[in-house]
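Derivation of every value follows stated rules applied to the coordinates shown; laboratory data play no part. The structure displayed is predicted, hence computed values, not measured ones. Cβ sites come from the backbone with ideal geometry, for glycine too, and all protein chains shown count toward neighbours.
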């Protein structure tokens, strides 16, 4: 009977004599009671580390009892006094995850973050998904984050009922490697104190209502590889100190209110794979220093008033997969050396002031699956091969370039796209060069070309991969950002 009572108190089952300290076990019960809908959770899982496990909890075996201070333990080891350590093993909760994948519903209507989290001192990973769904005045309690915490990963995402500000006390959690607070309802400025987290590798604060400027102190996050502050209300300039973060692979600052020019220091980020500065108020020119970003695969600056010519160095970024410069007020011709980007799958240059002819080299890009040159001032004959036109289909968009024309005989019945361009006609006053007519062309059957019809916007409920493959041709800049998010997520980011 005494042995059974000891097991109940310790929280262990028959896990090789391992036990769980009663204070830590009771702390876990209290945390789960404050979050989960099921009031019988503690009764159903009296030994959550052994006999009655739960999928959102992981434990680790240790020979360190919770009640033994670390300093005292070290002194005892130095003196050879290891009797207490030898007498028993201890189980500690190191990971706690709550989300739709382990509980339905994940949390009760008035769930809260319990102070009993402090009773889980061995917790390394804490993740909370879709828990606070309605406005309940839940916020991140500053007192939960102390310098005694060994927390390495804090992921609290998709909680529209989580409001308030980001507590500066998070900077005290020195072991933190992942901090993801995306898709919540957080307000206020980003604490500059977070710049002291030297071990931080991922900082994701996207889809909130954060205001103010990006702290200059973030130049101290020297271990950072992923930096995502997109979909907030941040203002001011991009700090030059980001150029010091030379481990960065992903930078997403899109959908904010950032202004000024892009710092030349961004050219120091030679490991960068994705750079998304879309939907801000950034002005040109695009720094020539970005020519050093030889690992760059995704370059997106959609909807910024850059208002300069396209820099030639972009054609030398040989690993580019997606290039999005729509709505940037770009001037001058399309650089012909873009035809050397053999890995390019999507090129969007629509809604600019580009002029001149369309480089024929674009039609020779082997991987290109989406090309949007619509709403520019391009001129001359569209000279893509029929094979290229058939391959892209509706994902080829050159509409609203009033001085472009096509040779109907060249494509015959193979036209399966929306050109909205008139047929080229021979003009004897211009040395028999093709010239465009102002009339809209009709298809060979005599009917109105489907190009004159407005295409319906794609539904955001479409499946990500299929959506990006089938709908890439006439994407709005917002949809393009979604597709890049899907594609980049598949790459492990």
Taking the highest mean first, how do the peptides 101-109, 195-203 order by number of other beta carbon atoms within 10 angstrom per residue?
-> 195-203, 101-109
Could you sort 38-49, 391-402 so that the peptide with the highest average Cβ count within 10 Å comes first and the rest follow in order?
-> 391-402, 38-49
Semi-axis lengths (Å, descending) of the ellipsoid that matches the C-alpha gyration tensor of region 262-323 = 17, 12, 11
Along Cα→Cβ, 7 Å out, is where each label goes; now give me the distance between the ones at residue 198 and residue 137 in nm to one decimal.
-> 4.1
Length gained if residue 271 through residue 312 is fully extended, taking 0.36 nm per residue and subtracting the Cα-Cα distance, is 12.7 nm
Kindly provide the Kirkwood hydrodynamic radius of region 143-254 in Å, to one decimal, from all pairs of distinct alpha carbon atoms.
-> 13.9
Please work out how much length the chain gains when fully extended from residue 246 to residue 379, using 0.36 nm per residue of separation minus the C-alpha to C-alpha distance, in nm with one decimal.
-> 43.6 nm
Across every pair of different alpha-carbon atoms, what Kirkwood hydrodynamic radius in Å does region 191-245 reach?
-> 11.4
Computed over region 271-409, Cα set: Rg, Dmax in Å = 14.3, 48
Could you tell me the distance between the Cα centroids of region 265-322 and region 158-215, to the nearest Å?
-> 26
Ranked on Cβ counts within 10 Å of their own Cβ, fewest leading, 279, 187 go 187, 279
